[in-house]
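To start, the structure itself, in structure tokens.
The values are calculated or read from the model by the stated rules, or taken from the named source; none is laboratory data. Every value quoted in this text rests on a predicted model; they were computed, and no experiment measured them. Positions of Cβ are generated from backbone atoms using ideal geometry, with glycine treated the same way; all protein chains shown enter the neighbour counts.
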């Protein structure tokens, strides 16, 4: 019953456009995929989730990570990037079984990702999910961190000095996480967001202000 009430509360939360960033809750998400061969559909094989409250941004919690069962083998090129292999996927649940965790953490919050297209694509498995608005830290970084040689998540986080904190937070779940682990990338993305908002003093900015910058959609 407690779990059902939590999920109902998630659906009841609403995000107003004039809500300040300090009054918003932010939920990060990242997927790693099996990769694609010509003519095939890409599938998720790992998901990471995390949350922070704009009113208490130093606390990044509600961390969740799960491997996901694909219907095909991991493409070699993808495995070389994220290091996820067949042994990691033994007894992994299908994506549809992760719905309660997705709903619990994403529902009623600003959903955050670094390049939101990939995450939106995998969430099409739940066509009526209603998760919105979306905040793209890739767009945010390009608007607020001029002069970087590239805007990969790793480069942005290095420029902001938040990689060690991401490692420490993820170590609470499992030691040794690195880039292209879905949870590590999720946490790093949230820390990027928090760092930019704090360094530029944007906590009083309404969510609509980021929408006008092209950072928020949906």
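Would you confirm, using the coordinates I've provided, whether residue 188 is farther than 27 Å from residue 43 by Cα, surrounded by 23 or more Cβ atoms within 10 Å (Cβ to Cβ) and in contact (Cβ under 8 Å) with a residue 12 or more places away in the chain? Here the answer is no, as residue 188 does not meet what is asked. Per the listing 136, 204, the residue uniquely modelled with pLDDT of 95 or more, surrounded by fewer than 21 Cβ atoms within 10 Å (Cβ to Cβ), touching a strand residue (DSSP E or B) at 6+ places or on another chain (Cβ under 9 Å) and within 26 Å of residue 23 (Cβ to Cβ) is 204. Just one of 162, 112 is within 23 Å of residue 20 (Cα to Cα), in contact with a helix residue (DSSP H, G or I) (Cβ under 8 Å, 6 or more places away or on another chain) and crowded, with 17+ Cβ neighbours inside 10 Å; which is it? Criteria check complete, one pass: 112. Residue 146 falls short on exactly one of the conditions (1) surrounded by fewer than 17 Cβ atoms within 10 Å (Cβ to Cβ); (2) in contact with a strand residue (DSSP E or B) (Cβ under 9 Å, 6 or more places away or on another chain), and that condition is (2).
Residue-level check: of (1) buried (at least 19 other Cβ atoms within 10 Å of the Cβ); (2) touching a strand residue (DSSP E or B) at 6+ places or on another chain (Cβ under 7 Å); (3) at pLDDT 90 or above; (4) over 18 Å from residue 120 (Cα atoms), residue 74 misses just (3). Among the candidates 88, 97, the residue that is modelled with pLDDT of 95 or more and surrounded by fewer than 17 Cβ atoms within 10 Å (Cβ to Cβ) is uniquely 97. Among the residues making up the range 25-57, those that are out of contact with any helix residue (DSSP H, G or I) (no Cβ under 8 Å at 6 or more places or on another chain) and either modelled with pLDDT of 95 or more or not in a loop (DSSP other than H, G, I, E, B) (or both) are 25, 53, 56.
Residue 198 meets the conditions (1) assigned to a loop (DSSP other than H, G, I, E, B); (2) surrounded by fewer than 17 Cβ atoms within 10 Å (Cβ to Cβ) in every case but one. The failed one is (1).
Listed by first and then second residue, the pairs linking a residue in the range 202-218 that is touching a residue at least 40 places away in the same chain (Cβ under 8 Å) and on the phi > 0 side of the Ramachandran plot to a residue that is surrounded by 14 or more Cβ atoms within 10 Å (Cβ to Cβ) and assigned to a strand (DSSP E or B), with Cβ atoms under 6 Å apart and 6 or more places separating them unless they lie on different chains, are 218/134.
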